[in-house]
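The values are calculated or read from the model by the stated rules, or taken from the named source; none is laboratory data. Values in this document were obtained by computation on a predicted structure and should not be read as measured data. As a convention, Cβ positions derive from the backbone with ideal geometry for all residues, glycine included, and neighbour counts pool all protein chains shown.
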Amino acid sequence: MSAKDAVVKDRRNSLKVARGLGSSQSGVSHWLTQRVTAVGLVLLGLWFVVTVLSLLHADYATARATVAKPWNALLLITFVLTMFWHAVLGLQVVVEDYVHTRWKEVVLLVAIKFLAVLGALASVLAVLRIALTP
Amino acid sequence: MADTQRPLSPHLQIYKRQVQMMTSIVHRATGVALAFGSLLVVAGLIHLAAGDESYSHFKGVVGSPIGMILMLGWTWALFYHLCNGIRHLLQDAGFGYEIPTFVRSSWMSVAGSIVLTVLAWGYVLTSGGAA
């Protein structure tokens, strides 16, 4: 699109669009990532539920050996990362919608991201410890 | 939130309660509940990695009466968010916007989540009790 066409479509100064009410261009990627992780979680979530149910009465050695299997370890790590990613995106929308005090909103958003990164890394580390220690 | 005074739309209590409104609210609520539940997944993996004793302790806590009630709640939340999430994905793809379809698919999310919860817990209870 040429600059001339853009002017005809939108007469606002581009700085005016960028500031305040204008699109920041990142909403689409948030929306899309939420959907893509959702599709992933449909499959990974069902797999996770079935795996947990199969380990219900397993003793420690069996549970550990199951998680240590390469495919299970891989899927488990994928599940945990996708889950935390999806949770961060979802919680972000909830906080932005319902927390109307700016500083509380920012503190919550940052705290959620910190916790999610901690949770995701702790899970990955645990799975790796199980999968890589004989 | 914007500092300017803008006209507000009527709030929730103005509207008649409808199933498609409840499914939307409950989708968010179960999403938040599941986000807290994700910490249980982390705890489970850490205890499994830490050793036999630690894992037994974890299973004991999850298998306690309060743990079981929470697990039942999380099971339903997961299946509800799953069913209604699939419904939302189909709607995002452009399907099911006619009002009767929209209402019917809302009830299908509710019914599907209950059926899946019953199936999962039926397995838990018939396979020799939990944990």
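Considering only the range A:84-98, I want to know if a residue exists there that is closer than 26 Å to B:Gly63 by Cα, facing chain B (nearest Cβ under 9 Å) and assigned to a loop (DSSP other than H, G, I, E, B). Before the answer, list the steps.
Here is the first cut: in the range A:84-98, the residues closer than 26 Å to B:Gly63 by Cα are A:84, A:87.
With the extra rule that they be facing chain B (nearest Cβ under 9 Å), the set shrinks to A:84, A:87.
When the remaining residues are screened for being assigned to a loop (DSSP other than H, G, I, E, B), the result is none.
Within the range A:84-98, not a single residue is closer than 26 Å to B:Gly63 by Cα, facing chain B (nearest Cβ under 9 Å) and assigned to a loop (DSSP other than H, G, I, E, B).
Mind checking whether some residue in the range B:24-44 is among the polar types (S, T, N, Q), in a helix (DSSP H, G or I) and either modelled with pLDDT under 90 or at positive phi (or both)? Please lay out each step first, then the result.
Filtering the range B:24-44 for residues among the polar types (S, T, N, Q) gives B:24, B:30, B:38.
If we keep only those that are in a helix (DSSP H, G or I) as well, we get B:24, B:30, B:38.
Checking the rest, the ones that are also either modelled with pLDDT under 90 or at positive phi (or both) come to none.
Looking for residues that are among the polar types (S, T, N, Q), in a helix (DSSP H, G or I) and either modelled with pLDDT under 90 or at positive phi (or both), one finds none in the range B:24-44, hence no.
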Query - Condition check for B:Gly85: of a type in the set (Gly, Ala, Ser), more than 7 Å from chain A (Cβ to nearest Cβ), over 22 Å from A:Arg64 (Cβ atoms) and free of Cβ contacts under 8 Å to residues at least 60 places away in the same chain - result: no
Query raised in the report: Quick check, is A:Ala120 in contact (Cβ under 8 Å) with a residue 40 or more places away in the chain and part of a helix (DSSP H, G or I)?
Result: yes
Query - Residues satisfying the stated conditions in the range B:58-72, i.e. assigned to a helix (DSSP H, G or I) and either touching a Phe, Trp or Tyr at 6+ places or on another chain (Cβ under 8 Å) or surrounded by 13 or more Cβ atoms within 10 Å (Cβ to Cβ) (or both) - result: B:Phe58, B:Lys59, B:Val61, B:Val62, B:Gly63, B:Gly67, B:Met68, B:Leu70, B:Met71, B:Leu72
Requested in this report: Would you point out the residue of the range B:102-131, among those that are surrounded by 13 or more Cβ atoms within 10 Å (Cβ to Cβ) and among the polar types (S, T, N, Q), that is farthest from the other protein chains (Cβ to nearest Cβ)?
Outcome: B:Ser106
